[in-house]
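First comes the structure, then the notes that go with it.
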Amino acid sequence: MAATGLRIEGVWKRYGAVAALRGVSLTIAPGAFFVLLGGSGSGKTTLLRALAGFVTPDAGRLLLDNEDLTGLPPHRRPVNMMFQSYALFPHMSVADNIGYGLRRAGMDRRAAAARVAELLALVRLEGYGPRRPDMLSGGQQQRVALARALARRPRVLLLDEPLSALDRTLREETRAELVAVQRQLGTIFFLVTHDQDEALGLATQLGVMRDGELAQVGTPRQVYDHPADRQVARFLGGANILPARVLAVGPPALLAVDGMAVPVQAAMAAPAGVGAPVWLMLRPQHVRAGAGLNQAQGTVAEETYLGEALSRTVRLGEGSSLRMLAPPGASLPPGTIVTVSWDSTDVRVLLA
């Protein structure tokens with residue numbers, strides 16, 4: 001059967017009066033690393049569990065390479081799941097943990113041992129087979145869980161926030177390992193997370209979930225640079241969002257923004273007519289100190305040292321403010337009057 005990828009068609013799931021999934025539709029290409037990003041209660045875990053077979057949709061279909069999985073029990077789906085807790089058997093060796101599913105499936109002992117050795121090499125744990133899980137670091141346990149989930153060659157691997165228990169440095173290292181494994185295998189990885197850095201760093205295709213619906217789907221760059229609405233913009237990257245009014249449709253569009261004495265220029269065309277209320281979106285890293293084509297004057301309200309940058313909140317007139325990321329140089333105490341500017345190409349105009 002030709003690979004067509006994973007297709008989710010109009011999936012609904014209700015728990016009493018609450019709709020956890022509201023007609024979710026999504027297509028994931030073969031070989032994609034899909035990341036579903038959303039806050040608590042957004043529906044992302046319900047969708048993951050529906051794909052695994054642990055939740056039965058009230059309506060809609062789940063198809064893999066045109067095969068309908070919707071009514072299949074978990075053990076009959078060509079899908080496996082790597083749990084957040086890893087769920088390793090503490091009394092078994094690493095090799096026995098990885099080979100557990102193979103033995104349950106009745107695989108020949110010699111073939112199973114060869115597959116376990118192959119997987120240990122894949123996750124860079126050669127020589128660790130005889131050890132017990134409590135002899136491993138958190139990152140090594142994560143790799144054992146990954147190898148076990150891949151043992152039976154699933155066509156889709158579901159990952160439930162697999163890096164949440166790791167510290168920052170280990171998360172970054174493990175992200176790179178996950179990407180390398182996924183690219184080598186070409187298996188569809190479907191990962192859910194609430195971590196923005198994790199989503200941007202892993203995904204070839206990214207979905208943002210909100211209130212049981214997909215708010216936006218695209219490449220990480222598409223979703224980050226061109227968010228569908230101000231809620232997506234705030235959730236992914238913490239954008240500055242200011243109310244504005246269209247003065248000229250453009251391109252370039254001209255916007256009247258509260259707290260700014262002169263109109264703001266956006267390289268794009270405004271998605272609404274002259275006089276219409278819109279929202280200006282500007283990422284903190286695009287705001288810099290000094291004069292420019294688009295500029296505003298304000299007062300430093302707060303400054304936080306982040307190591308690689310200074311996070312600064314500049315209070316404008318009318319009670320509005322801009323957050324900017326500045327190089328970790330000279331600090332500006334609260335009350336300092338500053339001029340900030342940004343390029344017209346960095347301004348996005350949003351309707352909602």
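Results, tabulated for the structure shown:
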| quantity | calculated |
| --- | --- |
| The range 240-266: number of residues that are surrounded by 15 or more Cβ atoms within 10 Å (Cβ to Cβ) and either out of contact with any Leu (no Cβ under 9 Å at 6 or more places or on another chain) or of a type in the set (Phe, Trp, Tyr) (or both) | 3 |
| Subset of the range 100-126 (residues that are closer than 17 Å to residue 82 by Cα and touching a Lys or Arg at 6+ places or on another chain (Cβ under 7 Å)) | 100, 101, 102, 123 |
| Some residue of the range 205-225 being without any contact (Cβ under 8 Å) to a residue 60 or more places away in the chain, in contact with a Lys or Arg (Cβ under 7 Å, 6 or more places away or on another chain) and either crowded, with 17+ Cβ neighbours inside 10 Å or not aromatic (Phe, Trp, Tyr) (or both) | no |
| Tally of residues being out of contact with any Pro (no Cβ under 9 Å at 6 or more places or on another chain) and either assigned to a loop (DSSP other than H, G, I, E, B) or acidic (Asp, Glu) (or both) across the range 92-115 | 5 |
| Residues being more than 24 Å from residue 188 (Cα to Cα) and either in a loop (DSSP other than H, G, I, E, B) or under 25 Å from the mean Cα position of the chain (by Cα) (or both) - total across the range 116-148 | 10 |
| Among (1) out of contact with any Asp or Glu (no Cβ under 9 Å at 6 or more places or on another chain); (2) assigned to a loop (DSSP other than H, G, I, E, B); (3) over 22 Å from residue 148 (Cβ atoms), the one test that residue 50 misses | (2) |
| Strands (runs of 3 or more DSSP E) lying entirely in the range 237-308 (those with 2 or more residues that are of a type in the set (Phe, Trp, Tyr) and out of contact with any His (no Cβ under 8 Å at 6 or more places or on another chain)) | none |
| Subset tally (residues that are part of a helix (DSSP H, G or I) and either within 13 Å of the chain's Cα centre (by Cα) or more than 21 Å from residue 323 (Cβ to Cβ) (or both)) for the range 197-232 | 12 |
| Filter result for residue 299 (of a type in the set (S, T, N, Q), without any contact (Cβ under 8 Å) to a residue 40 or more places away in the chain and more than 30 Å from residue 17 (Cβ to Cβ)) | yes |
| Answer residue from the range 140-184, given it is modelled with pLDDT under 90 and of a type in the set (Lys, Arg) and is surrounded by the fewest Cβ atoms within 10 Å (Cβ to Cβ) among those | 168 |
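The values are calculated or read from the model by the stated rules, or taken from the named source; none is laboratory data. Remember, it's a predicted structure, so these values are computed and weren't measured experimentally. Reconstructed Cβ throughout: ideal geometry from the backbone, glycine too, with neighbour counts over all protein chains shown.
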